[in-house]
Amino acid sequence: MLVKHLLLFAVIVQLLLAEVWAEAPGRTATAEKRATTLTESTASTTITSTNTTFTSTSSTSTSSSSTSSTTTSSTTTTSSETTTTTTTSTSSSTTTTTPPHVFGGEATTDAFEAWLRQWRKFYRYGSPCGLVACLVPLAPERGMPQALKGVRPQVVISEGGAAGGVVSEGMGYGIMIEGLEAVRGSRDALERGLALVKSWLGMVYGPANFEGWVHPFGGGLPGNALSSEDLLTWPYGISSIRDLTGPAIAGLPAWKFPLDQCDGDCNGTATDGDQDALLGMIYLAAALGYPDDFVDMVMRTVITFASADLGFPDIYRTLPGGERIFVPKMGSSWGGLTPDSGAYKTQQAPWCYSPGYFGPAHYRTFRDFARSRWRPKFKSYLPKHINSKPSTLEELLAAFDGAVTSGYNILYYSSCYSGAVSNWVGVKAACGEDGSGSGLNCEGVPWKYTPYVGSEKRTCNASGTAFGQFGADASRAPWRIAMDHVLYRNESRLVTMYDRDGKVDESITFGSQEYLNRIVGQYVRHSKCNGGKAGDCLTPDSNPPYSPWKLATAWDSHRRDPVPDLTCDGVPAGRPDNWWGGYMSYPTFSAFVAPFAKITPEESTCWMDTFSCICNVKTDMPTGPICKTTYFDLSQTVISTMIMAMSLTKIEDVQQLFPPDTMPIITKQTLQNGNAQLPVGSSDDTAIWARLLPGGAFSGLAVLSALGLVMRLVYVHRNWWSTEARRDSRRVLHGYDSIEQHHQHHLTSLANGSGHALSRHPLHSFEVQRMEQDLAAMGVDRL
């Protein structure tokens, strides 16, 4: 009887609190709430009362070449005590301080959740064929990881030009987003991620009886059974690996499906999509608790990425100091250091590279996953050198580090002080005694002539975007570097920089924070408002009301007095693509996660909240002048807001949250029982409920109700006693609630913009003109 009374009391109190819960400032309805959150030791965004430090955990790293030690001071502040720990280390003669990264407030979190809902509208089921359009092949389930068996596959539908149908780029974005959300406790994200991975494996497996293609075709050549599995068969590298028993295939797919859309040119992988998908797979493995069969599949994918997309183990250059450098290719058949002649001749423009493909956080994560999850049996998956000598795990790990080093050095020589970076640049460093460039490795410096291709200053490009211009391909560089800063803050700031001749140049300081600060500085110096002050940028007296034109001036090259540093020696081809395209502007917003010396962390947070309020996300369809929900615009928007909303977790922290011997989301019993699979969309939480019911139904419900009561009380308490920064976030958010009534009539055409027709990436000449005409019709004043 007492239990029943307690249960009734708890339910009544919760009902009374429901109104407070629903009306909490800045709260928006979501399809699901996170089941777990990061602990304060790994991610915290509270403001301490001392020294206005915007974090409860901060660290400082000091380096010096005079000793062989590194000093790291870590201070953790709570309401009652402060604890300081110090360790020592050094690696260079430069002394640096590594402040914490910064994140947006409630406005940013709400924006990310809204954009994520929009993004998931591009997902479609990929089976059963006949009932739905099967745009990608279905791989046989025999040999698949147990977590994928019985899962109904899904695909990401892209749109516009070469991005129509299903492309590995869109699949990569989807798998990465869902994997990062899954490790934060989202069951829905886990299920969606597994469904996308299953389709990815179908793409690797390939279709039956299509113009001579054979299984697996991966990123290989049509009609050649060895081209995806044999290192020495063109193209160089392996893009698919069978498991030790034979039937299960993992690896990298052709870049586009259906295969009949490309006039015979759908073959070959695309490095950008491959690395995003692989990152998501690693995080899905962590969310599952690292089952052996799933780890095996992911490890084979790691090795195929290194081989097909980096050129491991033989396509590299050696710097004067002996450092071995790998340059990311643009796919299995071209780009990077792929030779321009010989048996492994590039399929497209030789010695071409896109800084927008560079994913340093990805490569570091692949390295750490391979190191921590390696098993002796995986040695047989490693490709041999061209001289038949076996490659090793140590070489694999070094290849990922070499790709990070080369990527930052090339970025340095292909970017401006504003952070603008070239779509395409040259990395020519030919090998071969006759100068033909047919060799795979030799001494050389890939960035010697960057941004040009060789001493002749030739150019190259692909995907319909221009050489030497800050445009659609390059626009992804800011968020990729922002991910590196968030996930590998210390490591990403201590990059070894080299001069044009490949010698260490200690006068160059460059890394994630230095690059991101260039973008932040461009906004701080050249915007017509202060985004760090709530309500200063999006004002009702703009034309139209709440227009972000004051922010756009930081990147406006169309004015009579254009802002400086949008072009330079590293970006020589002309003015950038239009900031008013979301695919250009949103990635730059993510740069504010890196602290900038000239503004406070609280101001950085307010800048991100200001950006997040440009669009009204409280409606079914976001409205605003840079709020398109077309494929490429939306992909860049959701990823950028995800980074700003503190949704990234370093893989080591995931291991601490979910140890390998636990299964936080799907129970081990479910995965071990092949006849009890959890289908996508299932709401079977029996295992979880069984743990929570301690004996009887009433007792279990009482416990759950009491837990809910405590959670609600804590939530209300935190809202009543929130910090000044969170109140600023709410002022920004609520200050623009009226944006819908001002924008609804004017911006419908932009919010529902049509697809792109010229290339894989949107907004080329005719679309820029159309956008500017629309903006002019709205009366947007950007002068």
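The values are calculated or read from the model by the stated rules, or taken from the named source; none is laboratory data. None of the values given here were measured: they were computed from a predicted structure. Ideal geometry is used to build each Cβ from the backbone, glycine not excepted, and the neighbour counts take in all protein chains shown. Just the protein is used for accessible areas: all its heavy atoms, side chains included, with ligands, DNA and RNA removed. Shrake-Rupley method; radii C 1.70, N 1.55, O 1.52, S 1.80 Å.
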>> I'd like the Kirkwood hydrodynamic radius of segment 138-196, using the inverse of the mean 1/r over distinct C-alpha pairs, in Å.
In response: 12.4
> Can you work out D for segment 588-633 in µm² s⁻¹ from Stokes-Einstein, where Rh is the Kirkwood radius over C-alpha pairs, the temperature is 20 °C and the viscosity is 1.002 mPa s?
Replying inline: 177
>> Suppose all protein chains stay in the model; what accessible area per residue would a 1.4 Å probe give for segment 146-202, in Å²?
In response: 13
> When only the heavy atoms of the protein chains count and the probe is 1.4 Å, how do GLU602, GLU456 rank by accessible area, highest first?
Replying inline: GLU456, GLU602
>> Residues of segment 540-576 with the amide nitrogen closer than 13 Å to a label point 7 Å from the Cα of ILE508, along Cα-to-Cβ, please.
In response: 570
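Can you pull the percent of Cα pairs in segment 397-550 with separation above 21 Å?
In whole percent, the share of Cα-Cα pairs in segment 397-550 beyond 21 Å is 57.
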> Measuring from label point to label point, each 7 Å out along Cα→Cβ, what is the GLU456 to ASP501 span in nm?
Replying inline: 2.6
> What is the distance in Å between the Cα centres of segment 323-384 and segment 459-516?
Replying inline: 17
>> Binning at 10 angstrom from zero up to the longest distance, how are the C-alpha pair distances of segment 472-538 distributed in percent?
In response: 18, 34, 35, 10, 3
> Once you put a point 7 Å from the Cα of ALA597 and another 7 Å from the Cα of ARG525, both along the Cβ direction, what distance in nm separates them?
Replying inline: 1.4
>> Take THR392 and ASP292, extend 7 Å from each Cα along the Cα→Cβ direction, and tell me the distance between the two endpoints in nm.
In response: 2.7
>> Suppose R0 equals 41 Å. What FRET efficiency, 1/(1 + (r/R0)^6) with r the Cβ-Cβ distance, do LYS618 and LYS149 give to the nearest 0.05?
In response: 0.55
>> Let's test the formula: R0 of 41 Å, r as the Cβ-Cβ distance of HIS385 and CYS568. What FRET efficiency results, to the nearest 0.05?
In response: 0.55
> Please state the relative contact order of segment 485-559 as a whole percent: Cα pairs under 8 Å, 6+ residues apart?
Replying inline: 21
>> Given N residues in segment 109-159, what is its alpha carbon radius of gyration divided by 2.2 N^0.38 Å?
In response: 1.44
>> So if each residue of separation counts as 0.36 nm, and I subtract the Cα-Cα distance between VAL132 and ASP263, what length gain in nm does that give?
In response: 44.7 nm
